[in-house]
Amino acid sequence: MAELTLPYYDAPPPPTHENEPVIDLVGVTKTYTSGSIEFEALRGVDLRIEQGEYVAVMGPSGSGKSTLMNILGCLDTLTRGTYHLAGEDVGELDEIDLADIRNRQIGFVFQQFNLLPSLPAWRNVELPLVYGRVHAAERRERAAAALERVGLGDRLANRPGELSGGQQQRVAVARALVGEPALLLADEPTGNLDSTSTHDVLSLFDELHAQGRTIVLITHEAEVAERAERIVRVRDGLIVGGAA
Ligand code: ADP
Ligand code: MG
């Protein structure tokens, strides 16, 4: 693959809102419309998550977890209410600014690891920095450091297919962290893993939490949710426990 050459510039640092919660939802609703039918998937959600918290979002199928995750992740817009992410009012932003805040403030981990199979681990991990226009030498250095941090310092050059499921998910966590986002947002991150790899990834989350990372983990599995410091329960589009 040809080396990507992008102009390098010093991106402005994200605004510092040191005492702001990472997540602050007030009165958030989400209405899906198809034809003349409207469905209110979130019906007035208040949720505050402070810096350094490790929170699990739990709920049965259809309760609104994915809708909430899409809003938290700036992947979808809300219908009513307000959302401040690391102090920024997300409701005021257009598509381009949403993509920008997503890239700066959020590291995503999905059930499917979403790694590019033809690229070695370090190339997968540096991708968010390519979009962030960090120059090549620094990207490589930071990707290596992130892989080191998740215990894969000796696997930089391996392609995803040469790694176990647990190792692939750790590559995905390294990719999520490489841009130093305010929030690590994980959607069923152990849904595709056997029990050994699940243990592996949850231990990594424990370590990241101990280092002060803010983590939101969406799951329908009680044993996974119990690893978090707080459990937020969603039911029928409402938070029924743990919103604090
Ligand atoms: P969960 O992730 O907890 O299973 P979802 O957030 O996916 O729940 O869905 C919550 C509710 O909203 C469900 O009743 C679902 O059918 C409905 N829903 C989700 N997405 C859409 C959509 N795009 N259009 C219409 N209804 C939707
Ligand atoms: Mg879902």
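The values are calculated or read from the model by the stated rules, or taken from the named source; none is laboratory data. Treat the numbers as computed from the prediction; the structure is a model and nothing was measured. Positions of Cβ are backbone-derived with ideal geometry, glycine not excepted, and every protein chain shown enters the neighbour counts. SASA here: full protein model, heavy atoms, side chains in, ligands and nucleic acids out. Shrake-Rupley method; radii C 1.70, N 1.55, O 1.52, S 1.80 Å.
Of note:
- Pair list, Cβ under 7 Å, 6 or more apart: the stretch 63-76 residue more than 6 Å from ligand 1 (Cβ to nearest atom), other residue assigned to a loop (DSSP other than H, G, I, E, B): ASN70/ASP76; ILE71/LEU78
Table: residues versus (1) more than 17 Å from ASN124 (Cα to Cα); (2) of a type in the set (Val, Ile, Thr); (3) buried (at least 16 other Cβ atoms within 10 Å of the Cβ); (4) within 16 Å of ligand 1 (Cβ to nearest atom).
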{"residue": "GLN167", "(1), (2), (3), (4)": "no, no, yes, no"}
{"residue": "ALA172", "(1), (2), (3), (4)": "no, no, yes, no"}
{"residue": "VAL178", "(1), (2), (3), (4)": "no, yes, yes, no"}
{"residue": "LEU204", "(1), (2), (3), (4)": "yes, no, yes, no"}
{"residue": "GLU223", "(1), (2), (3), (4)": "yes, no, no, no"}
{"residue": "ARG227", "(1), (2), (3), (4)": "yes, no, yes, no"}
{"residue": "ILE231", "(1), (2), (3), (4)": "yes, yes, yes, yes"}
{"residue": "GLY237", "(1), (2), (3), (4)": "yes, no, yes, yes"}
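- Unmet criterion (only one of (1) more than 14 Å from PRO189 (Cα to Cα); (2) without any contact (Cβ under 8 Å) to a residue 40 or more places away in the chain; (3) touching a Leu at 6+ places or on another chain (Cβ under 8 Å)) for ALA243: (2)
- Any hit, the stretch 215-224, residues being closer than 19 Å to LEU177 by Cβ and among the polar types (S, T, N, Q): no
Residue-by-condition table, conditions (1) hydroxyl-bearing (Ser, Thr, Tyr); (2) modelled with pLDDT of 95 or more:
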position	(1), (2)
GLY161	no, yes
ARG175	no, yes
GLY191	no, no
THR196	yes, no
VAL224	no, no
GLY237	no, yes
ALA244	no, no
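- Of the helices (runs of 4 or more DSSP H) contained entirely in the stretch 65-146, those carrying at least 1 residues that are open to solvent by 30 Å² or more (accessible area, probe 1.4 Å) and more than 17 Å from LYS30 (Cα to Cα) fall at 95-105, 121-131.
- Taking the criterion of being within 13 Å of ligand 2 (Cβ to nearest atom) and of a type in the set (S, T, N, Q), the residues of the stretch 50-81 that qualify are SER61, SER63, SER66, THR67, ASN70.
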